[in-house]
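Bear in mind that the values in this text are calculations on the coordinates, not laboratory data. Note that the coordinates shown come from a computational prediction; the quantities given were computed from them, not determined experimentally.
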């Protein structure tokens, strides 16, 4: 939302993986970075996989997460919803190298985290627009269009929102 202008999360789409009394955990899904997976995993050198590395948030940017469709399941995977699984398993890289990866896959470095009550405070301050889950938006390769596509699920055009919308 416009309240985040100039903030790390400005124009971001964040997939909320977990939210409970202790806080929240999410992954930004529309911020591609210039680093390639091959730069981190040499075993992918020369393998055409089409997976773009995304910056998932400012926390632990030395950690890689994979959001993918549930057609593949890995040890210690977390089923987020019936259409999305979160994995941190090195087997994902092996499957990419062997061209046996899930149908849709996002590789994400770092994450977004909120302490207990922090995200709720940001929601009350109109910092975020909460939209329903949409598999097509999550796995879309058009990262620049994800914010507008997510807002459109609520019938909202982000170009028409002023800087002090909502409770302000």
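Descriptive notes on the structure:
- Note on region 46-74 and region 83-105: Cα centroid distance 8 Å, given to the nearest whole angstrom.
- Estimated 222 nm signal from helices in the chain, with DSSP H stretches of n ≥ 4 weighted -39500 (n - 2.57), rounded to 500: -4000 deg cm²/dmol
- Full extension of the segment from residue 120 to residue 16, taken as 0.36 nm per residue of separation minus the current Cα-Cα distance, would add 36.2 nm.
- Ratio of Rg to Rh over region 18-104 (Cα coordinates, Kirkwood Rh, two decimals): 0.96
- Contact order for region 2-157, expressed relative to its length and based on alpha carbon pairs under 8 Å spaced 6+ residues apart, stands at 27 percent.
- Cα-only radius of gyration and Dmax that characterise region 2-157, units Å: 15.7, 48
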